[in-house]
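Structure first, commentary second.
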Amino acid sequence: MKRLWTIVRKEFIHIVRDTRTLALIALMPAALLLLTGTAVSGETGNIPMAVADQSKTAASRGYIDKFWTNGYFRLVAYVESEAELVRLIDQDQAEVGMLIPPTFGSDLATGQATAVQFYLNDTNPSNSVSTQLGVETISQMALQEMFFSQIGQSLGARRIEMPITTHVMGLYNPDGLRTNYMVPSLVAVILQVQALLLTSLAIVREREQGTMEQLIVTPIKPWELMLGKIIPYILVAFVNTVMIIAVAVFWFKIPVSGSLLQLLGLSFIYIIGSLGLGVMISNISSSQMQAMYLAVGVVLMPSLIMSGLIIPRLNMPAVAYYVGEMLPVTHYLAIINGIMLKGVGADFLWPAIWPLIALSVLFFAASVAFFRKRLR
(Lines give C-alpha, C1' and ligand atoms only; values in the text may rest on other atoms or scores of the structure.)
Protein backbone atom coordinates (compact mmCIF):
# COMPACT_ATOMS: atom_id res chain seq x y z
CA MET A 1 0.00 0.00 0.00
CA LYS A 2 2.90 2.33 0.77
CA ARG A 3 4.37 1.71 -2.71
CA LEU A 4 1.01 2.44 -4.32
CA TRP A 5 0.61 5.68 -2.39
CA THR A 6 4.10 6.76 -3.47
CA ILE A 7 3.14 6.44 -7.15
CA VAL A 8 -0.18 8.22 -6.54
CA ARG A 9 1.62 11.06 -4.76
CA LYS A 10 4.16 11.30 -7.60
CA GLU A 11 1.39 11.61 -10.22
CA PHE A 12 -0.42 14.25 -8.17
CA ILE A 13 2.80 16.27 -8.03
CA HIS A 14 3.07 16.03 -11.84
CA ILE A 15 -0.49 17.31 -12.19
CA VAL A 16 -0.30 20.15 -9.66
CA ARG A 17 3.20 21.36 -10.59
CA ASP A 18 2.19 22.41 -14.12
CA THR A 19 -0.43 25.07 -13.37
CA ARG A 20 -1.29 25.70 -17.02
CA THR A 21 -2.00 22.04 -17.69
CA LEU A 22 -3.94 21.84 -14.43
CA ALA A 23 -6.11 24.77 -15.52
CA LEU A 24 -6.75 23.10 -18.88
CA ILE A 25 -7.62 19.80 -17.20
CA ALA A 26 -10.04 21.53 -14.85
CA LEU A 27 -11.75 23.91 -17.26
CA MET A 28 -11.47 22.37 -20.73
CA PRO A 29 -14.22 19.69 -20.45
CA ALA A 30 -16.85 22.19 -19.26
CA ALA A 31 -15.72 24.71 -21.87
CA LEU A 32 -15.90 22.07 -24.61
CA LEU A 33 -19.43 21.09 -23.58
CA LEU A 34 -20.53 24.73 -23.58
CA LEU A 35 -19.02 25.32 -27.02
CA THR A 36 -20.04 22.09 -28.76
CA GLY A 37 -23.38 21.84 -26.98
CA THR A 38 -24.32 25.33 -28.10
CA ALA A 39 -23.22 24.53 -31.65
CA VAL A 40 -25.37 21.40 -31.96
CA SER A 41 -28.37 22.62 -29.97
CA GLY A 42 -29.78 24.85 -32.72
CA GLU A 43 -32.96 23.32 -34.09
CA THR A 44 -33.54 23.26 -37.83
CA GLY A 45 -35.39 26.36 -38.96
CA ASN A 46 -35.13 29.79 -40.49
CA ILE A 47 -33.98 28.21 -43.77
CA PRO A 48 -33.63 30.83 -46.52
CA MET A 49 -35.97 30.23 -49.45
CA ALA A 50 -36.39 32.05 -52.77
CA VAL A 51 -39.68 31.91 -54.67
CA ALA A 52 -40.57 32.22 -58.33
CA ASP A 53 -44.38 32.53 -58.45
CA GLN A 54 -45.28 32.40 -62.13
CA SER A 55 -48.96 31.85 -61.36
CA LYS A 56 -49.55 35.01 -59.31
CA THR A 57 -52.99 33.88 -58.15
CA ALA A 58 -54.70 33.77 -54.77
CA ALA A 59 -54.14 30.01 -54.68
CA SER A 60 -50.39 30.32 -55.26
CA ARG A 61 -50.06 33.10 -52.68
CA GLY A 62 -51.97 31.01 -50.13
CA TYR A 63 -49.73 28.03 -50.82
CA ILE A 64 -46.57 30.11 -50.44
CA ASP A 65 -47.75 31.68 -47.18
CA LYS A 66 -47.94 28.24 -45.53
CA PHE A 67 -44.13 28.03 -45.64
CA TRP A 68 -43.62 31.10 -43.44
CA THR A 69 -46.20 30.47 -40.71
CA ASN A 70 -44.14 28.08 -38.54
CA GLY A 71 -40.72 29.73 -38.95
CA TYR A 72 -39.17 26.70 -40.65
CA PHE A 73 -38.46 28.73 -43.81
CA ARG A 74 -37.93 32.44 -44.40
CA LEU A 75 -38.38 34.34 -47.61
CA VAL A 76 -35.21 35.95 -48.99
CA ALA A 77 -36.28 36.87 -52.53
CA TYR A 78 -39.08 36.84 -55.08
CA VAL A 79 -37.78 36.18 -58.58
CA GLU A 80 -39.34 35.60 -61.98
CA SER A 81 -37.54 32.59 -63.43
CA GLU A 82 -35.98 29.22 -62.71
CA ALA A 83 -32.54 30.52 -63.69
CA GLU A 84 -32.72 33.25 -61.04
CA LEU A 85 -33.65 30.67 -58.39
CA VAL A 86 -30.66 28.50 -59.24
CA ARG A 87 -28.38 31.54 -59.29
CA LEU A 88 -29.41 32.50 -55.73
CA ILE A 89 -28.68 28.94 -54.55
CA ASP A 90 -25.32 28.98 -56.36
CA GLN A 91 -24.44 32.18 -54.49
CA ASP A 92 -25.54 30.65 -51.13
CA GLN A 93 -28.16 33.36 -50.74
CA ALA A 94 -30.85 30.68 -50.55
CA GLU A 95 -30.91 27.04 -49.51
CA VAL A 96 -34.24 26.28 -51.18
CA GLY A 97 -35.89 27.52 -54.36
CA MET A 98 -39.64 27.20 -55.06
CA LEU A 99 -40.91 27.38 -58.65
CA ILE A 100 -44.70 27.62 -59.07
CA PRO A 101 -45.83 27.06 -62.67
CA PRO A 102 -48.11 29.54 -64.49
CA THR A 103 -50.97 27.01 -64.57
CA PHE A 104 -50.97 26.40 -60.79
CA GLY A 105 -54.12 28.41 -60.03
CA SER A 106 -56.12 27.29 -63.05
CA ASP A 107 -55.21 23.64 -62.52
CA LEU A 108 -56.45 23.73 -58.95
CA ALA A 109 -59.63 25.52 -59.95
CA THR A 110 -60.46 22.91 -62.59
CA GLY A 111 -59.42 19.93 -60.46
CA GLN A 112 -56.44 19.01 -62.60
CA ALA A 113 -53.11 17.77 -61.30
CA THR A 114 -50.42 20.39 -60.80
CA ALA A 115 -46.79 20.32 -59.71
CA VAL A 116 -44.48 22.62 -57.75
CA GLN A 117 -40.73 22.34 -58.32
CA PHE A 118 -38.29 22.73 -55.41
CA TYR A 119 -34.52 23.10 -55.68
CA LEU A 120 -32.39 22.16 -52.66
CA ASN A 121 -28.77 22.89 -51.85
CA ASP A 122 -27.45 19.33 -51.40
CA THR A 123 -23.86 20.20 -50.51
CA ASN A 124 -24.64 19.26 -46.88
CA PRO A 125 -26.50 15.90 -46.95
CA SER A 126 -27.55 16.03 -43.28
CA ASN A 127 -29.18 19.43 -43.75
CA SER A 128 -30.73 18.56 -47.12
CA VAL A 129 -32.55 15.53 -45.68
CA SER A 130 -34.26 17.58 -42.96
CA THR A 131 -34.94 20.40 -45.43
CA GLN A 132 -36.53 18.01 -47.92
CA LEU A 133 -38.67 16.52 -45.16
CA GLY A 134 -39.79 20.00 -44.13
CA VAL A 135 -40.65 20.95 -47.73
CA GLU A 136 -42.66 17.78 -48.30
CA THR A 137 -44.50 18.00 -44.98
CA ILE A 138 -45.52 21.65 -45.32
CA SER A 139 -46.44 21.20 -48.98
CA GLN A 140 -48.69 18.23 -48.24
CA MET A 141 -50.39 20.07 -45.40
CA ALA A 142 -51.01 23.13 -47.60
CA LEU A 143 -52.35 21.10 -50.53
CA GLN A 144 -54.61 19.00 -48.30
CA GLU A 145 -56.04 22.14 -46.73
CA MET A 146 -56.70 23.67 -50.15
CA PHE A 147 -58.18 20.39 -51.42
CA PHE A 148 -60.63 19.98 -48.56
CA SER A 149 -61.54 23.64 -48.77
CA GLN A 150 -62.53 23.18 -52.41
CA ILE A 151 -64.51 20.01 -51.66
CA GLY A 152 -66.24 21.73 -48.77
CA GLN A 153 -67.28 24.59 -50.99
CA SER A 154 -68.64 22.21 -53.64
CA LEU A 155 -70.63 20.16 -51.10
CA GLY A 156 -72.01 23.12 -49.21
CA ALA A 157 -72.47 22.62 -45.46
CA ARG A 158 -71.62 18.92 -45.38
CA ARG A 159 -68.63 18.15 -43.16
CA ILE A 160 -65.82 15.96 -44.44
CA GLU A 161 -63.71 13.88 -42.07
CA MET A 162 -60.74 11.65 -42.74
CA PRO A 163 -61.46 7.94 -42.10
CA ILE A 164 -58.24 7.47 -40.10
CA THR A 165 -56.67 9.93 -37.69
CA THR A 166 -53.06 9.41 -36.66
CA HIS A 167 -51.71 10.60 -33.33
CA VAL A 168 -47.97 10.41 -32.64
CA MET A 169 -46.60 10.71 -29.11
CA GLY A 170 -42.86 11.17 -28.66
CA LEU A 171 -41.57 9.53 -25.48
CA TYR A 172 -38.71 10.96 -23.38
CA ASN A 173 -38.21 13.97 -25.67
CA PRO A 174 -41.74 15.08 -26.58
CA ASP A 175 -40.64 18.42 -28.00
CA GLY A 176 -38.12 16.73 -30.29
CA LEU A 177 -35.28 18.93 -29.05
CA ARG A 178 -31.92 18.01 -30.54
CA THR A 179 -30.21 19.41 -27.43
CA ASN A 180 -31.76 16.76 -25.20
CA TYR A 181 -30.07 14.00 -27.19
CA MET A 182 -26.83 15.61 -28.27
CA VAL A 183 -25.69 17.16 -24.97
CA PRO A 184 -25.68 13.88 -22.94
CA SER A 185 -23.89 12.23 -25.88
CA LEU A 186 -21.30 15.02 -25.90
CA VAL A 187 -20.75 14.45 -22.17
CA ALA A 188 -19.80 10.83 -22.94
CA VAL A 189 -17.45 11.79 -25.79
CA ILE A 190 -15.75 14.64 -23.88
CA LEU A 191 -15.13 12.40 -20.86
CA GLN A 192 -13.48 9.78 -23.05
CA VAL A 193 -11.36 12.37 -24.89
CA GLN A 194 -10.11 13.76 -21.59
CA ALA A 195 -9.43 10.33 -20.10
CA LEU A 196 -7.42 9.20 -23.11
CA LEU A 197 -5.40 12.40 -23.33
CA LEU A 198 -4.62 12.32 -19.61
CA THR A 199 -3.32 8.76 -19.48
CA SER A 200 -2.21 7.76 -22.98
CA LEU A 201 1.09 9.56 -22.37
CA ALA A 202 1.58 8.41 -18.77
CA ILE A 203 4.05 5.52 -19.31
CA VAL A 204 5.64 6.60 -22.58
CA ARG A 205 6.43 9.98 -21.00
CA GLU A 206 8.40 8.22 -18.27
CA ARG A 207 10.49 6.48 -20.93
CA GLU A 208 11.16 9.63 -22.94
CA GLN A 209 12.08 11.65 -19.84
CA GLY A 210 14.42 8.94 -18.59
CA THR A 211 12.59 8.36 -15.29
CA MET A 212 11.54 4.82 -16.15
CA GLU A 213 14.89 3.53 -14.89
CA GLN A 214 14.02 4.75 -11.39
CA LEU A 215 10.70 2.90 -11.49
CA ILE A 216 12.33 -0.29 -12.79
CA VAL A 217 14.74 -0.59 -9.87
CA THR A 218 11.97 -0.14 -7.29
CA PRO A 219 10.16 -3.19 -5.81
CA ILE A 220 6.80 -1.86 -7.03
CA LYS A 221 4.61 -4.38 -8.84
CA PRO A 222 3.13 -3.71 -12.30
CA TRP A 223 -0.47 -3.54 -11.06
CA GLU A 224 0.55 -1.10 -8.33
CA LEU A 225 2.25 1.14 -10.86
CA MET A 226 -0.74 1.05 -13.22
CA LEU A 227 -3.22 1.71 -10.41
CA GLY A 228 -1.03 4.45 -9.01
CA LYS A 229 -0.95 6.07 -12.45
CA ILE A 230 -4.72 5.89 -12.82
CA ILE A 231 -5.99 6.93 -9.35
CA PRO A 232 -5.07 10.65 -9.55
CA TYR A 233 -6.66 10.95 -12.97
CA ILE A 234 -9.76 9.10 -11.75
CA LEU A 235 -10.26 11.81 -9.15
CA VAL A 236 -9.57 14.62 -11.62
CA ALA A 237 -11.86 13.11 -14.25
CA PHE A 238 -14.64 12.48 -11.72
CA VAL A 239 -14.56 16.13 -10.61
CA ASN A 240 -14.82 17.10 -14.29
CA THR A 241 -17.72 14.68 -14.69
CA VAL A 242 -19.65 16.44 -11.95
CA MET A 243 -18.84 19.81 -13.54
CA ILE A 244 -19.99 18.95 -17.05
CA ILE A 245 -23.14 17.18 -15.85
CA ALA A 246 -23.90 20.36 -13.90
CA VAL A 247 -23.38 22.38 -17.10
CA ALA A 248 -25.74 20.03 -18.97
CA VAL A 249 -28.42 20.36 -16.28
CA PHE A 250 -28.22 24.04 -15.35
CA TRP A 251 -27.06 25.62 -18.61
CA PHE A 252 -28.68 23.43 -21.25
CA LYS A 253 -31.66 22.49 -19.04
CA ILE A 254 -31.26 18.76 -19.69
CA PRO A 255 -33.40 16.87 -17.17
CA VAL A 256 -32.00 14.07 -15.03
CA SER A 257 -35.15 11.96 -14.99
CA GLY A 258 -33.49 9.05 -13.19
CA SER A 259 -31.13 8.69 -10.24
CA LEU A 260 -28.27 11.19 -10.17
CA LEU A 261 -26.31 8.94 -7.80
CA GLN A 262 -26.58 6.02 -10.23
CA LEU A 263 -25.45 8.28 -13.06
CA LEU A 264 -22.39 9.43 -11.09
CA GLY A 265 -21.57 5.89 -10.00
CA LEU A 266 -21.74 4.49 -13.51
CA SER A 267 -19.79 7.49 -14.80
CA PHE A 268 -17.08 6.54 -12.32
CA ILE A 269 -16.90 3.04 -13.85
CA TYR A 270 -16.81 4.57 -17.34
CA ILE A 271 -13.92 6.82 -16.32
CA ILE A 272 -11.94 3.83 -15.00
CA GLY A 273 -12.43 1.97 -18.28
CA SER A 274 -11.44 4.95 -20.42
CA LEU A 275 -8.37 5.68 -18.27
CA GLY A 276 -7.35 2.02 -18.37
CA LEU A 277 -7.62 2.11 -22.15
CA GLY A 278 -5.38 5.17 -22.21
CA VAL A 279 -2.75 3.53 -20.01
CA MET A 280 -2.83 0.42 -22.20
CA ILE A 281 -2.15 2.60 -25.25
CA SER A 282 0.70 4.25 -23.38
CA ASN A 283 2.21 0.85 -22.55
CA ILE A 284 2.29 -0.35 -26.15
CA SER A 285 3.58 2.95 -27.57
CA SER A 286 7.25 3.77 -28.00
CA SER A 287 6.79 7.56 -28.22
CA GLN A 288 4.31 10.23 -27.24
CA MET A 289 3.53 10.88 -30.91
CA GLN A 290 2.71 7.22 -31.46
CA ALA A 291 0.50 7.21 -28.37
CA MET A 292 -1.43 10.24 -29.66
CA TYR A 293 -1.94 8.61 -33.07
CA LEU A 294 -3.21 5.42 -31.45
CA ALA A 295 -5.53 7.32 -29.12
CA VAL A 296 -7.05 9.34 -31.95
CA GLY A 297 -7.00 6.78 -34.77
CA VAL A 298 -7.80 3.57 -32.90
CA VAL A 299 -10.14 4.87 -30.19
CA LEU A 300 -11.51 8.38 -30.68
CA MET A 301 -12.48 8.18 -34.36
CA PRO A 302 -14.11 4.72 -34.04
CA SER A 303 -15.89 5.98 -30.92
CA LEU A 304 -17.52 8.77 -32.89
CA ILE A 305 -18.54 6.52 -35.78
CA MET A 306 -19.19 3.08 -34.25
CA SER A 307 -20.73 3.98 -30.90
CA GLY A 308 -24.08 4.99 -32.38
CA LEU A 309 -23.55 8.69 -31.72
CA ILE A 310 -23.72 9.66 -35.41
CA ILE A 311 -24.86 6.51 -37.25
CA PRO A 312 -27.43 4.04 -35.81
CA ARG A 313 -25.58 0.88 -34.85
CA LEU A 314 -28.35 -1.44 -36.06
CA ASN A 315 -27.57 -0.42 -39.64
CA MET A 316 -23.85 -1.22 -39.36
CA PRO A 317 -22.13 -4.29 -40.80
CA ALA A 318 -21.41 -7.04 -38.27
CA VAL A 319 -17.69 -6.21 -38.00
CA ALA A 320 -18.31 -2.53 -37.25
CA TYR A 321 -21.11 -3.41 -34.84
CA TYR A 322 -18.96 -5.72 -32.73
CA VAL A 323 -16.01 -3.33 -32.78
CA GLY A 324 -18.40 -0.78 -31.31
CA GLU A 325 -19.24 -3.26 -28.56
CA MET A 326 -15.59 -3.13 -27.44
CA LEU A 327 -15.73 0.65 -26.84
CA PRO A 328 -16.77 1.87 -23.37
CA VAL A 329 -18.46 4.94 -24.87
CA THR A 330 -20.99 2.72 -26.69
CA HIS A 331 -22.40 1.38 -23.44
CA TYR A 332 -22.08 4.66 -21.56
CA LEU A 333 -24.20 6.39 -24.21
CA ALA A 334 -27.02 3.95 -23.47
CA ILE A 335 -26.57 4.54 -19.75
CA ILE A 336 -26.48 8.33 -19.74
CA ASN A 337 -29.42 8.63 -22.16
CA GLY A 338 -31.34 6.01 -20.21
CA ILE A 339 -30.89 7.77 -16.86
CA MET A 340 -31.12 11.41 -18.00
CA LEU A 341 -33.88 11.13 -20.61
CA LYS A 342 -35.77 7.89 -20.00
CA GLY A 343 -35.50 7.96 -16.22
CA VAL A 344 -34.78 4.22 -15.98
CA GLY A 345 -32.50 2.62 -13.42
CA ALA A 346 -29.78 0.00 -13.22
CA ASP A 347 -32.28 -2.86 -13.54
CA PHE A 348 -33.24 -1.71 -17.04
CA LEU A 349 -29.71 -0.67 -18.00
CA TRP A 350 -27.96 -3.88 -16.94
CA PRO A 351 -27.36 -4.97 -20.59
CA ALA A 352 -25.19 -1.84 -20.92
CA ILE A 353 -23.75 -1.84 -17.39
CA TRP A 354 -22.15 -5.29 -17.34
CA PRO A 355 -20.20 -4.78 -20.61
CA LEU A 356 -18.97 -1.43 -19.25
CA ILE A 357 -17.74 -3.11 -16.05
CA ALA A 358 -16.18 -5.97 -18.02
CA LEU A 359 -14.37 -3.57 -20.37
CA SER A 360 -13.09 -1.51 -17.44
CA VAL A 361 -11.61 -4.62 -15.80
CA LEU A 362 -10.31 -5.89 -19.16
CA PHE A 363 -8.50 -2.67 -20.07
CA PHE A 364 -6.93 -2.32 -16.63
CA ALA A 365 -5.78 -5.96 -16.74
CA ALA A 366 -4.41 -5.41 -20.25
CA SER A 367 -2.50 -2.31 -19.13
CA VAL A 368 -0.85 -4.41 -16.42
CA ALA A 369 -0.16 -7.30 -18.81
CA PHE A 370 1.47 -5.05 -21.43
CA PHE A 371 3.71 -3.33 -18.89
CA ARG A 372 7.17 -4.79 -18.43
CA LYS A 373 9.67 -3.49 -15.89
CA ARG A 374 12.43 -3.14 -18.40
CA LEU A 375 13.70 -0.56 -20.88
CA ARG A 376 12.87 -1.07 -24.54
Before we move on, is residue 97 under 32 Å from the mean Cα position of the chain (by Cα), crowded, with 16+ Cβ neighbours inside 10 Å and of a type in the set (Gly, Ala, Ser)? yes
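Given the structure, is residue 262 part of a helix (DSSP H, G or I), touching a residue at least 40 places away in the same chain (Cβ under 8 Å), more than 19 Å from residue 193 (Cα to Cα) and not small (Gly, Ala, Ser)?
Working: part of a helix (DSSP H, G or I): yes; touching a residue at least 40 places away in the same chain (Cβ under 8 Å): yes; more than 19 Å from residue 193 (Cα to Cα): yes; not small (Gly, Ala, Ser): yes.
Judged against the criteria, residue 262 is a match.
Looking only at helices (runs of 4 or more DSSP H) that lie completely in segment 299-350, which have at least 2 residues being in contact (Cβ under 8 Å) with a residue 24 or more places away in the chain and hydrophobic (A, V, I, L, M, F, W, C)? Before you say what the answer is, go through the steps one by one.
On the way: elements: 301-306, 318-325, 328-337.
Passing ranges, in order: 301-306, 328-337.
Per-residue answers, yes or no, for (1) modelled with pLDDT of 80 or more; (2) in the same structural domain as residue 244 (by TED's automatic domain parsing); (3) more than 19 Å from residue 269 (Cβ to Cβ):
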site	(1), (2), (3)
162	no, no, yes
166	no, no, yes
170	no, no, yes
182	yes, yes, yes
186	yes, yes, yes
189	yes, yes, no
192	yes, yes, no
195	yes, yes, no
202	no, yes, yes
Scanning segment 17-33 for residues that are part of a helix (DSSP H, G or I), of a type outside the set (A, V, I, L, M, F, W, C) and either exposed (fewer than 13 other Cβ atoms within 10 Å of the Cβ) or at pLDDT below 65 (or both) gives 17, 19, 20, 21
When segment 34-59 is checked residue by residue, the ones that are in contact with a Gly (Cβ under 9 Å, 6 or more places away or on another chain) and either at pLDDT 75 or above or assigned to a helix (DSSP H, G or I) (or both) are 46, 47, 49, 50, 51, 52, 55, 56, 57, 58, 59
Worksheet item: Would it be correct to say that residue 279 is more than 19 Å from the chain's Cα centre (by Cα), closer than 24 Å to residue 205 by Cβ, in contact (Cβ under 8 Å) with a residue 60 or more places away in the chain and surrounded by fewer than 23 Cβ atoms within 10 Å (Cβ to Cβ)?
Response: no
Checked segment 283-298 for anything in a helix (DSSP H, G or I) and in contact (Cβ under 8 Å) with a residue 12 or more places away in the chain; matches are 283, 284, 288, 290, 291, 292, 294, 295, 298
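The values are calculated or read from the model by the stated rules, or taken from the named source; none is laboratory data. Quantities reported herein were computed from a predicted structural model and do not represent experimental measurements. Backbone-built Cβ (ideal geometry, glycine too); neighbour counts: all protein chains shown.
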